[in-house]
Amino acid sequence: MLNIYHYHWTYDFPYNIGCYKGTRITTTDLEETEFQTTASSLKQNFPNPFNGITQISFTVCTPGFVTLKVFDHLGRMVKMLVNEKLSTGSYDITLDASDLEEGIYLYCLRQGASVKTLKMCQIK
């Protein structure tokens, strides 16, 4: 069911009198359809902060070429985790960052024009 409401006020300024008018439209012949998103989603890594190893999860809603990269605080790419065409579905990637310094890193999921970036922290 779809309800549409339209309300407005009108005034008679010499006497400063307000008048409220409203219209209500109700439609019941609409089909409900399931909403399906076409954008990929990226979840926060776990654990965060982490020491050496962490898990990164993401979902691909439409098949296509996907990259998942890790960048240091200066914007340099330090890891390429995914660089391939993926099918629709959920993915869990284990990041072994034991060779990286302690600090803040960004991980970036890109599929077509969609880019999602999150922050993670490595402690040692």
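The values are calculated or read from the model by the stated rules, or taken from the named source; none is laboratory data. All figures in this text were calculated on a predicted structure; none of them were measured in a lab. We place every Cβ from the backbone using ideal geometry, glycine too, and count neighbours over all the protein chains shown.
Looking at the range 43-64, which of its residues are closer than 27 Å to A113 by Cβ, in a strand (DSSP E or B) and of a type in the set (A, V, I, L, M, F, W, C)?
Matches in the range 43-64: I56, F58, V60.
Only one residue in L74, L106 is on the phi < 0 side of the Ramachandran plot and modelled with pLDDT of 95 or more. Which one?
Details: L74 fails: modelled with pLDDT of 95 or more.
Criteria check complete, one pass: L106.
Is it the case that the range 84-95 has a residue that's free of Cβ contacts under 8 Å to residues at least 12 places away in the same chain and assigned to a loop (DSSP other than H, G, I, E, B)?
Going through the range 84-95, the residues free of Cβ contacts under 8 Å to residues at least 12 places away in the same chain turn out to be none.
No - not one qualifying residue is present in the range 84-95.
Pull out all pairs, ordered by first then second residue, where Cβ-Cβ is under 7 Å, the residues are six or more apart or on different chains, the first lies in the range 111-124 and is at pLDDT below 90, and the second is surrounded by fewer than 16 Cβ atoms within 10 Å (Cβ to Cβ) and charged (D, E, K, R).
K124/E102
Checking the condition of a type in the set (S, T, N, Q) and within 12 Å of S41 (Cα to Cα), which residue from T59, T67 passes?
T59
If we keep just the residues of the range 81-95 that are loosely packed, with under 13 Cβ neighbours inside 10 Å and not charged (D, E, K, R), which is nearest to R110 (Cα to Cα)?
Our first condition is that a residue be loosely packed, with under 13 Cβ neighbours inside 10 Å; within the range 81-95, this holds for 83-85, 87-90, 92, 94.
Next, from what is left, pick out any that are not charged (D, E, K, R): 83, 87-90, 94.
Working: N83: 10, S87: 14, T88: 14, G89: 15, S90: 15, T94: 18 Å.
The extreme case among them is N83.
Within the range 58-80, which residues are surrounded by 14 or more Cβ atoms within 10 Å (Cβ to Cβ) and either over 18 Å from the mean Cα position of the chain (by Cα) or among the hydroxyl-bearing types (S, T, Y) (or both)? Reasoning before the result, please.
So in the range 58-80, the residues surrounded by 14 or more Cβ atoms within 10 Å (Cβ to Cβ) come out as 58-62, 64, 66-72, 78-79.
Passing the criteria: T59, T62, T67, F71, D72, V78, K79.
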